[in-house]
Each structure stands twice: as C-alpha cells, then as structure tokens.
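The values are calculated or read from the model by the stated rules, or taken from the named source; none is laboratory data. Note that this is a predicted model, so its numbers are computed, not measured. Counting neighbours? That spans all protein chains shown, and the Cβs are built from the backbone with ideal geometry, glycine included. Keep in mind that these areas ignore ligands, DNA and RNA; they rest on the heavy atoms of the full protein, side chains included. Shrake-Rupley method; radii C 1.70, N 1.55, O 1.52, S 1.80 Å.
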Amino acid sequence: MHWNVGRVKITKIVELETVGHTRFILPLATNEEIRKLPWLIPHFATEEGRLKMSIHALVVETPSRRIAVDTGLGNDKQGRSIPTWNNRRGPFLDDLTAAGFPPESIDTVLCTHLHVDHVGWNTRLVGGRWVPTFEKARYVFGEREYAYWRDHSVEPDKAAIFADSVAPIVEAGQADLIASDARICEEITLIPTPGHSPGHMSLHIRSEGEEGLLTGDVAHHPCQMAHLDWSSTADSDPVQSAKTRRELFARFADRPVLVIGGHFDAGHIQRDGNAFKFIVAGS
Ligand SMILES: [Zn+2]
C-alpha cells in the first residue's frame with residue numbers, strides 16, 4: 001500500500017494487524033462509543049465498534065533518500081510485557097525486501113519515539129548478538145527521547161527494549177541524535193509532538209506544493225481526533241498528549257494534507273464541532 005506527496009512516495013509495510021483487543025491501550029474507546037462515530041466504519045473500525053489497527057513501518061522515498069520510519073516489534077525479542085511480542089518469527093524483512101526495499105537499501109532509519117513497537121527491527125539477532133538490521137543506514141533518534149529512555153528505563157521491560165533495540169545502534173556508531181524540530185532533508189522537517197512520550201516527533205513532508213504528515217503515535221487511532229482527551233495508557237503525559245493532539249490536528253485540518261498514523265492508514269483531518277474527524281484518503 002503506498003501514497004504520494006509530490007515527489008515523495010510512502011509505502012506501508014505491515015508487521016501485524018489487529019481488530020479489537022485495544023481496551024488495554026485505549027480504555028475509553030468502548031464498542032458503544034465507537035459506534036457513535038460512523039465515519040470510522042468500515043476503514044478504521046468494524047460495524048460492531050471494534051478498532052482496526054496495525055503495527056507497521058513506513059518507507060519514505062524522496063528523490064535523494066530512502067527512509068524507514070519506525071520499525072515495529074522485531075523478531076526474537078525477549079522480556080516484552082505483552083507475551084505475544086516475545087520470540088516473534090515474523091516475515092517482516094522478507095516482506096520489506098519483496099516490496100523493493102532490501103534492508104541494505106535503506107539509508108536512514110527514523111524512530112518517531114523509542115517505544116517497543118517502533119524500534120524492534122532496528123536490530124536483529126545474529127550469532128547471539130543484536131546487530132543493526134539496516135547495515136548501511138544512519139539511525140535518527142530524537143536527542144530528548146534518547147536521553148529520557150537511557151536514564152529512565154528502570155522497569156525490566158523498558159530496560160530490555162533499550163538494551164536490545166537502541167543501545168546496539170549507538171554502540172555500532174550508527175546513531176545520530178537530533179533536535180525534535182530538525183530538518184531531515186529538503187522535503188522532510190520534524191515537528192516536536194510530546195505527550196505520548198517525552199521526545200515524540202512527527203514528520204512534515206512538503207514536495208511540489210503538496211503536504212503530508214506522519215503523526216507517529218500522537219494518536220493511536222482516529223477516534224482520538226473526535227475525543228482529544230482519550231489519552232492512551234501508553235501516554236507518558238496524558239494532559240500534554242491531549243494538548244498536542246489539538247494543536248497538531250488544528251494546524252493540518254481542512255487542508256489537503258495526507259495524514260498517516262503510526263497505527264492507522266492515510267486520510268485527511270476535518271474540523272467537526274470542537275474536535276475533528278478523519279476522512280479516509282481517496283473517498
Ligand atoms: Zn505505537
């Protein structure tokens with residue numbers, strides 16, 4: 001599945017798709033509440049009101065760069081708090097290669113933030129060691145985000161994530177720590193979007209007069225555009241995350257900006273009363 005923003009092409013490589021079982025992440029998004037938002041159905045929720053979500057990477061090709069934005073869960077990882085995220089043996093790398101992006105062809109890896117489902121394929125297990133999956137890439141981490149997890153990964157699961165998916169990149173000399181508003185290349189500038197995590201970043205794409213926004217996890221699901229205060233259980237600062245949602249969606253609403261989430265497909269943001277709704281791209 002792919003989209004274009006001017007001369008920039010964005011391709012989604014799915015690692016995992018889910019329907020329902022999202023109460024642990026968005027407890028207020030009950031089936032009954034979701035059925036009150038008919039614009040979510042069928043693309044982002046089922047008729048019964050169960051949320052559709054995915055864990056995916058977005059490959060962003062500009063005229064000069066090939067960037068992997070967020071890298072999913074990864075294989076062979078241990079110590080994750082969600083049991084099925086341990087010891088995975090998924091075909092993600094084969095799927096990435098089949099889509100035309102062998103790992104060695106990726107020149108940049110950019111993590112919007114350093115949560116478990118966004119850093120997994122940063123590394124793979126080779127001979128008992130975690131090595132960079134994308135051997136020729138520079139890995140771009142937000143300096144604020146990196147410092148936070150380096151200093152605050154005290155719970156065992158957080159420590160495992162940092163140790164197997166972030167630290168080996170730094171040790172290999174492939175990490176670049178950057179400001180949350182850095183310009184990555186001619187077409188891509190970062191926007192600081194804290195709240196879900198302390199140094200969370202979104203990507204603003206501009207090319208030939210067209211615009212795109214890769215939100216990362218500012219929202220886990222478009223239902224949070226209607227309910228800006230529906231913060232996720234994974235948000236480190238639920239008040240700030242709601243404020244960030246309002247600011248970011250207000251900036252890009254009612255304009256022809258292609259918006260793609262860290263866990264949902266492309267659409268356009270529209271104002272809807274005091275909040276927003278999301279209209280699937282192409283409809
Ligand atoms: Zn996520």
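Residue 249 meets the conditions (1) open to solvent by less than 60 Å² (accessible area, probe 1.4 Å); (2) closer than 29 Å to residue 107 by Cβ in every case but one. The failed one is (2).
Taking the stretch 50-66, which residues are among the β-branched types (Val, Ile, Thr), open to solvent by 10 Å² or more (accessible area, probe 1.4 Å) and touching a helix residue (DSSP H, G or I) at 6+ places or on another chain (Cβ under 8 Å)? Don't jump to the end; show me each part of the working.
So in the stretch 50-66, the residues among the β-branched types (Val, Ile, Thr) come out as 55, 59-60, 62.
Subset that is open to solvent by 10 Å² or more (accessible area, probe 1.4 Å): 55, 62.
If the condition is that a residue be among the β-branched types (Val, Ile, Thr), open to solvent by 10 Å² or more (accessible area, probe 1.4 Å) and touching a helix residue (DSSP H, G or I) at 6+ places or on another chain (Cβ under 8 Å), then 55 is the only one that fits.
When the test is whether a residue is at pLDDT below 95 and not acidic (Asp, Glu), residue 207 does not pass it. Checked against (1) open to solvent by 20 Å² or more (accessible area, probe 1.4 Å); (2) out of contact with any strand residue (DSSP E or B) (no Cβ under 9 Å at 6 or more places or on another chain), residue 161 meets all criteria but (1). Being away from the ligand (no atom under 13 Å from the Cβ), in contact with a Leu (Cβ under 6 Å, 6 or more places away or on another chain) and part of a loop (DSSP other than H, G, I, E, B), is that true of even one residue in the stretch 196-203? No; the residues of the stretch 196-203 include none that is away from the ligand (no atom under 13 Å from the Cβ), in contact with a Leu (Cβ under 6 Å, 6 or more places away or on another chain) and part of a loop (DSSP other than H, G, I, E, B). Scan the stretch 67-76 and give yes if some residue there is surrounded by fewer than 17 Cβ atoms within 10 Å (Cβ to Cβ), assigned to a loop (DSSP other than H, G, I, E, B) and either in contact (Cβ under 8 Å) with a residue 12 or more places away in the chain or not aliphatic (A, V, I, L, M) (or both), otherwise no. There is at least one residue in the stretch 67-76 that is surrounded by fewer than 17 Cβ atoms within 10 Å (Cβ to Cβ), assigned to a loop (DSSP other than H, G, I, E, B) and either in contact (Cβ under 8 Å) with a residue 12 or more places away in the chain or not aliphatic (A, V, I, L, M) (or both).
Scanning the stretch 77-100 for residues that are of a type in the set (A, V, I, L, M, F, W, C), over 22 Å from residue 22 (Cα atoms) and open to solvent by 20 Å² or more (accessible area, probe 1.4 Å) turns up 93, 98, 99.
Can we say residue 147 is touching a strand residue (DSSP E or B) at 6+ places or on another chain (Cβ under 9 Å) and away from the ligand (no atom under 16 Å from the Cβ)?
yes
Each row is one residue, and each column tells you yes or no for (1) within 16 Å of residue 57 (Cα to Cα); (2) under 18 Å from the mean Cα position of the chain (by Cα); (3) open to solvent by less than 10 Å² (accessible area, probe 1.4 Å).
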position	(1), (2), (3)
102	yes, no, no
115	yes, yes, no
123	yes, yes, yes
146	no, yes, no
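Candidates in the stretch 8-22 are the residues that are out of contact with any His (no Cβ under 8 Å at 6 or more places or on another chain) and either β-branched (Val, Ile, Thr) or surrounded by fewer than 14 Cβ atoms within 10 Å (Cβ to Cβ) (or both); of these, the one that is modelled with the lowest pLDDT is 21. In the stretch 206-226, is there at least one residue being in a strand (DSSP E or B), more than 15 Å from the ligand (Cβ to nearest atom), within 14 Å of the chain's Cα centre (by Cα) and touching a residue at least 24 places away in the same chain (Cβ under 8 Å)? Yes, that holds for at least one residue. Looking only at residues of the stretch 148-158 that are farther than 30 Å from residue 66 by Cα and among the charged types (D, E, K, R), we find that the one that is least open to solvent (accessible area, probe 1.4 Å) is 157. Against the definition (in contact (Cβ under 8 Å) with a residue 40 or more places away in the chain, part of a loop (DSSP other than H, G, I, E, B) and within 18 Å of residue 157 (Cα to Cα)), how does residue 113 come out, yes or no? Considered against the rule, which asks whether it is in contact (Cβ under 8 Å) with a residue 40 or more places away in the chain, part of a loop (DSSP other than H, G, I, E, B) and within 18 Å of residue 157 (Cα to Cα), residue 113 comes out as yes. Restricting the stretch 255-275 to residues that are closer than 16 Å to residue 209 by Cα and of a type outside the set (Val, Ile, Thr), the residue that is nearest to the chain's Cα centre (by Cα) is 258.
When residues in the stretch 248-283 are screened for being part of a loop (DSSP other than H, G, I, E, B), modelled with pLDDT under 95 and within 18 Å of residue 227 (Cα to Cα), 0 of them pass.
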